[in-house]
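Each value in this text was obtained by applying a stated rule to the coordinates, not by laboratory testing. Given the structure is predicted, the values throughout are model-derived calculations rather than measurements. Counting neighbours? That spans all protein chains shown, and the Cβs are built from the backbone with ideal geometry, glycine included.
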Amino acid sequence: MPATLSPFRLRPWFRTRIWGVRDLSPWYNYTVTGEPIGEVWLSGDDCLVDNGPLAGQRFAAVFAAHREALLGPGWTHAERFPLLMKVLFPKEKLSVQVHPGDAMAREAGEPHGKTECWYVLDATPDASVALGLKPGTTEEQMRAAIMNNGLEPLLHWMPVRKADMIFVDAGTIHAIGPGAVLLETQQNSDMTYRLYDYGRPRELHLTDGLKASRAVTRAGKVTPRPEDGGEVLVQSDYFRVDRFSVAAGERHSLSAAVPGLDATGCVQLVFAAQGSGSVQWDGGSLELSRGQLAVVPAAVGAWSFPATDAVELLRACPI
Ligand SMILES: [Zn+2]
């Protein structure tokens, strides 16, 4: 076992979903003939380390053995790695759903609820998402619309464009329409209540879903804010996501101490949305290209990213 934990890539885990696609190009060189792929998990418990001395190990095992080196000293209470990143490939509408907040999740024996955000990697001109209900909609109207297969017109649909960041806090009724490719960053929780499925036969969870729903939330598009040579796309109670662009042949330097977060350093999940280059730190380097995720442990300290081709990086840190 290494004395220190170096940055490593995680192998993507391709998950079948009825609303997904069969060809993941140009993001991944991956096609299927059977059930479509809807989600590509980038930092799931079952994702395998792709390189280095821990290659082949499950991410959950790395977390269990190296929690402090990975997350830093402020996370001794963490029961699991705090963030899950995924790429979503919706070809059909996703069900209308809601996630519980921390309090309701804990009543059910889970460590925390699920707040999430979506960064739009690509979008067709008609791509849209739904956040919340139209103003003035009552719970009674919503229940009736669910029973009559007519919830869609009551939802607040909004168009999405490439490079939008959409924040979805726990308690927000939401849905994703077809046409966008989304990078989702979420609290690492499975708790989802499906309120409506357009008449598809999957199970609904109305009682829990209505209990978890809040009429007013902070969900919506977030305006980026320049900082630290990049842009803060979103900063919530649970995570912060930044974007960095690095021109071909240039180098961007980063620190373990992300501004506004734990000064002793925090783990950074680094996703290449386009281009390629490498994560370099005192002691090594790790290549990263489009669609791949690198985990930079808190213990690594300062690091930099020299770009081979013009690169766009998304970096997520737990809070
Ligand atoms: Zn969701």
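Taking one quarter of the surface of the convex hull spanned by the alpha-carbon atoms of segment 225-318 gives a direction-averaged projected area of 5.3 nm². Each Cα pair under 8 Å and six or more residues apart adds its sequence gap; the mean of these over the residue count of segment 225-318 is a relative contact order of 37 percent. For the chain, the C-alpha radius of gyration divided by 2.2 N^0.38 Å, with N the number of residues, is 0.99.
Which of the residue pairs K134/K162; K93/K162; K86/K162; K86/K114; K93/K134; K93/K211 have a Cα-Cα distance greater than 21 Å in the structure shown? From the list (K134/K162; K93/K162; K86/K162; K86/K114; K93/K134; K93/K211), the Cα-Cα distance tops 21 Å for K134/K162; K93/K211. Within the shell of other residues whose beta carbon sits under 13 angstrom from the beta carbon of P73, the net charge comes to -1, with Lys and Arg scored +1 and Asp and Glu -1. Please state the relative contact order of segment 1-135 as a whole percent: Cα pairs under 8 Å, 6+ residues apart? RCO, segment 1-135: 21 percent. Couplings for segment 135-142, taken from phi via the Karplus curve 6.51 cos²θ - 1.76 cosθ + 1.60 with θ = phi - 60°, read x, x, 5, 8, 4, 4, 5, 5 Hz in order; Gly and Pro are left as x. Full extension of the segment from E140 to I319, taken as 0.36 nm per residue of separation minus the current Cα-Cα distance, would add 60.8 nm. How much net charge surrounds M191 when only the other residues with a Cβ under 10 Å from the Cβ of M191 are counted, with Lys and Arg +1 and Asp and Glu -1? Counting the neighbours of M191, the net charge comes to -2. Along segment 11-20 the Karplus relation, 6.51 cos²θ - 1.76 cosθ + 1.60 evaluated at θ = phi - 60°, assigns HN-Hα couplings of 6, x, 10, 8, 10, 6, 8, 5, 9, x Hz to successive residues, with x for each Gly and Pro. Its relative contact order, with pairs defined as Cα atoms under 8 Å and 6+ residues apart, puts the chain at 19 percent. Each label point was placed 7 Å from the Cα along the Cα-to-Cβ direction; for R22 and A108 their separation is 3.4 nm.
The sum of -39500 (n - 2.57) across all DSSP H runs of n ≥ 4, divided by the residue count of the chain, sets its helix-only mean residue ellipticity at 222 nm to -2500 deg cm²/dmol.
Annotation for segment 262-319 versus segment 33-67: alpha-carbon center distance of 17 Å.
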